[in-house]
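The values are calculated or read from the model by the stated rules, or taken from the named source; none is laboratory data. As the structure is a computational prediction, the values presented were derived from the model and not from experiment. Cβ atoms come from the backbone with ideal geometry, glycine included; neighbour counts cover every protein chain shown. Calculation scope for accessible area: heavy atoms of the full protein, side chains included, ligands and nucleic acids excluded. Shrake-Rupley method; radii C 1.70, N 1.55, O 1.52, S 1.80 Å.
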Amino acid sequence: MTSDFIPVANPKAQYTAHADEINEAVRQVLDSGWYVLGEQVKNFEAEFAAFHGLDHCIGVANGTEAISIALRAVGVRPGDEVITVSHSAVATAAAIEIIGARPVFADIDPITRCIDPASFEQLIWKRTKAVVPVHIYGHPADMKRIMEIAHKRDISVIEDCAQAHAAEIDGRKVGTFGDAAAFSFYPTKNLGAIGDGGAVITNSSEIAENVRADREYGWRERFISSSPGYNTRLDEIQAAILRVKLRYLEQDNARRRAIADKYDSAADGKVVCAPARTNGALHAMHLYVVECDDRASLGQALKSEGIGTGIHYPAAIHQQPAYAIRIRGYDRLPNTEALYKRILSLPMYPELTDEQVDRVCKALAKWIGH
Ligand SMILES: *Cc1c(COP(=O)(O)O)cnc(C)c1O
């Protein structure tokens, strides 16, 4: 690969962009002598809650456990069913099984690629306790319909916002629609730590208290476990880094959308279909995923021009060995299965230069015209 190879993701560039501030924030933590659940976590929690206009944020160790303990906090117990999608990171289904609950897969809407509300509604029965809509790639799910159905059927809603930090629907941020929402701060996410991190946000003090207890051995009072809990804490260094990066999140997302605008005009809508942005959606553009019948050839052509691509993901969750056949709903996912043959991710991060973006656009246009 040449030195000007454009990788599909570049977490190092996200550090370099704010290196001075991050180094200083880390140094302060090192000097403070307090490394787990201290002032940095407390301040980050207050700032991330305020960013969403909500009362509570609880920092945890990663996004997977954020989903698990948010589900437990709304009362999901072993044997209960939780409806979600097979078109997600495996983490979404793993988070449900970790707590002994059963994932159930609804199909996706082919335009938004998020959960199809009608498919969700069809799967509801007496065992259904919760739904986890995933705002996949940064595009918001149809929260208005999902909340209507969930209210009518008395089902809790935990939003999986791991790919959608600061995405919006009609000016309202994702993560503020459901009973609670889970975030990941894995390094490549729109708001990324330099290591693992996650958070739960909610407006319910009861849910927040349950999450706080589950985060640390079921403690509601220090050293006294009132329920059997977990250990899933956010550390001070990651919280300090996240506080720096949170200040740049909205401008970073705007840059991602500007890059997406350019990619959109290089795609032709027939051979290469750009991702949709439906009315009212402010897309977080975590990933820029095109659809193409011959994605292998497109990926090869871009590679020969020094441009990396990815497939998110090579298989839907119900197509992975650990989950095949055994998850309810797996045999009725036509839209999910059709999408998986056609997806290809182009480089997408705010630090891409205009020259790099132009190179991607030219290579795309060249392949389409071949
Ligand atoms: C990244 C991700 C997660 C899990 O986050 P981790 O911090 O890696 O545990 C969950 N759901 C989705 C959709 C993700 O992209």
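Rounded to a whole number, what % of the accessible area of the range 104-241 do carbon and sulfur atoms account for, probe 1.4 Å?
48
Between the DSSP loop rule and a limit of at most 15 other Cβ atoms within 10 Å, which chymotrypsin sites (Phe, Trp or Tyr not before Pro) in the range 1-47 are left?
Phe5, Trp34, Tyr35
Rank these by accessible area, largest first, 1.4 Å probe: Lys262, Lys362.
Lys362, Lys262
Go through the range 101-174 and name the chymotrypsin sites (Phe, Trp or Tyr not before Pro) that are in a DSSP coil and have 10 or fewer other Cβ atoms within 10 Å of their Cβ.
Hits after loop and neighbour filter: Trp125.
So for the chain, taking the charge dipole from beta-carbon charges (+1 Lys/Arg, -1 Asp/Glu), which of Phe51, Ser88, Gln14 sits furthest toward the positive end?
The one lying farthest along the dipole's positive direction is Ser88.
Based on C-alpha coordinates, I'd like the Rg and Dmax of the range 249-368, in Å.
15.7, 47
Taking the chain on its own, what percent of its Cα-Cα pair distances exceed 30 Å? Walk me through the numbers on the way to the answer.
Details: 25852 of 68265 pairs.
Considering the chain, 38 percent of its Cα-Cα pairs are separated by more than 30 Å.
Given charges of +1 on the Cβ of Lys and Arg and -1 on the Cβ of Asp and Glu, with all other atoms neutral, how large is the dipole of the range 122-270 about its Cα centre, in debye to the nearest 20? Let's see the in-between values first.
Details: 23 positive and 21 negative charges, 30 e Å.
With Lys and Arg at +1 and Asp and Glu at -1, about 140 debye.
Nearest 20 debye, what's the magnitude of the dipole of the chain about its Cα centre given +1 on Lys and Arg Cβ and -1 on Asp and Glu Cβ?
Approximately 720 debye in magnitude.
Under a 1.4 Å probe, what is the accessible area of the chain per residue, stated in Å²?
42
Quick one: if you stick a label point 7 Å off each Cα along the C-beta vector at Gln28 and Asp55, how many nm between them?
According to this spin-label approximation, the distance is 2.8 nm.
Can you tell me the relative contact order of the range 249-368? Whole percent, Cα pairs under 8 Å, sequence separation 6 or more.
Working: 133 pairs, mean separation 45.2, N = 120.
After rounding, I find 38 percent.
Cross-link list Lys144/Lys366; Lys245/Lys341; Lys189/Lys262; Lys152/Lys341; Lys245/Lys270: which exceed 31 angstrom alpha carbon to alpha carbon?
Lys144/Lys366; Lys245/Lys341; Lys152/Lys341; Lys245/Lys270
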